[in-house]
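Here is the structure we will look at.
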Amino acid sequence: GYFDIPVDHLIGMPILSKYFAAKGLEDVVVVSPDHGSVIRARNMAQPLNAPIAIVDKRRPEPNKSEIMNIIGDIEGKNCILVDDMIDTAGTLCNAANALVEIGGATEVIACATHGVLSGPAIERIEKSALKEVVILDTIPLPENSGTKITQLPVAPVFAEAIERIYQDKPVSPLFV
C-alpha cells in the first residue's frame, strides 16, 4: 500500500538459516525473544528441523525489558535467538542471559536481519551470555564492533533478484 510500482520484499532469513545449517549445531532450539517474533522463529526453525521456544517479557518503560518466563524446553540446548533488528541490544542481551541463567541453555547465538547497534549495543553484547551475533550487512557496522559480531552479505540475494526480475523469472525461489 506504500508504493504505486511493483515491489519485491526480499527476506534475509534464508541467508541466516543457511549459515546456521552449515555450522552443524546439535541440539538446537530457535528462540523468539518476544511474542511478536514467533513467526520469524518458526521460519528459521523449519529448515533447521528444530523446535522453538519463546521468551515471555514485558516492557516497564521504553527500551527496557524484563524477562518473565521462558516457554519451551531449552535446558542443555544450543539456542538461536532470532529477531528482525538489533537496536540497543537490551532485549536481546536480557533474553540471552535469561536463557542461560534461568533456562539452562548451553550456548546462545543471536541473529537479525538489521544490526542498527545504537548506543550501548556493542558493549551490552560483549558483556552478555551471547557467544555470537550474526547480522546481515544491510547497515554498516560501527568501527569498533567488538569480537562477537559476524556479518553476512546480502549482495548475492540482491544480484539474483535483479537478474530474475530482468529475465522475467519469479523471485519466490529466493525465499526457500
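The values are calculated or read from the model by the stated rules, or taken from the named source; none is laboratory data. What you are looking at is a predicted structure, and each value in this text was computed from that prediction instead of being measured. Cβ atoms come from the backbone with ideal geometry, glycine included; neighbour counts cover every protein chain shown. Calculation scope for accessible area: heavy atoms of the full protein, side chains included, ligands and nucleic acids excluded. Shrake-Rupley method; radii C 1.70, N 1.55, O 1.52, S 1.80 Å.
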Problem set entry | Sequence-distant residues sharing a close amide H with LEU152 (under 5 Å, placed H) | ILE135, LEU136, ASP137
Exercise. How much accessible surface area, in Å² rounded to 10, belongs to the heavy atoms of THR113 with a 1.4 Å probe?
Worked result: 30
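Rounded to the nearest 20 debye, what is the charge dipole size of the range 1-139 about its Cα centre when +1 sits on each Lys and Arg Cβ and -1 on each Asp and Glu Cβ?
Dipole about the Cα centre, nearest 20: 80 debye.
In whole percent, how big is the carbon plus sulfur part of the accessible area of the chain, probe 1.4 Å, protein atoms only? It would help to have the intermediate numbers written out before the result.
Values: 5150 of 9930 Å².
Reported share for carbon and sulfur atoms: 52 percent.
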For this session: Run the numbers on the chain and let me know its relative contact order in percent, using alpha-carbon pairs under 8 Å that are six or more apart.
Result: 18
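What does the accessible area per residue of the chain come to in Å², with a 1.4 Å probe and no ligands, DNA or RNA counted? Display every interim value, and only then the final one.
Details: 9930 Å² over 176 residues.
Per residue, the chain has an accessible area of 56 Å².
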Exercise. Around VAL31, which amide H atoms from residues at least 5 apart in sequence, or from another chain, sit under 5 Å from its own amide H, with H modelled in the peptide plane?
Worked result: ALA53, ILE80, LEU81, VAL82
Exercise. Considering the chain as a Gaussian network with a 10 Å cut-off on Cα pairs, which listed residue, GLU75, GLU143, GLU132, attains the greatest mean-square fluctuation?
Worked result: GLU143
Problem set entry | Positive-pole candidate from ASN69, GLY36, GLY12, dipole of the chain, charges at beta carbon | ASN69
Problem set entry | 28 Å Cα cut-off, lysine pairs counted over the chain (separation 8 or more, or different chains) | 22
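Quickly estimate the mean residue ellipticity at 222 nm for the chain, helices only: each DSSP H run with n ≥ 4 gives -39500 (n - 2.57), and the total goes over all residues, rounded to 500. Display every interim value, and only then the final one.
Numbers: 5 runs with 53 residues, N = 176.
Estimated from H runs of four or more residues: -9000 deg cm²/dmol.
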Exercise. Given H placed 1.01 Å from N in the peptide plane, which residues other than close sequence neighbours of ILE70 have an amide H under 5 Å from its amide H?
Worked result: ASP56
Seminar exercise, completed: Expected vector for the range 143-158, Karplus 3J(HN,Hα) from phi with 6.51, -1.76, 1.60 and θ = phi - 60°, integer Hz, x for Gly and Pro, equals 4, 9, 9, x, 10, 9, 9, 10, 10, 10, x, 9, 3, x, 5, 4
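How would the range 1-138 be classified by its alpha-carbon gyration tensor: rounded, prolate or oblate, with rounded meaning a/c under 1.5 and the a/b versus b/c comparison settling the rest?
It comes out oblate by the Cα gyration axes.
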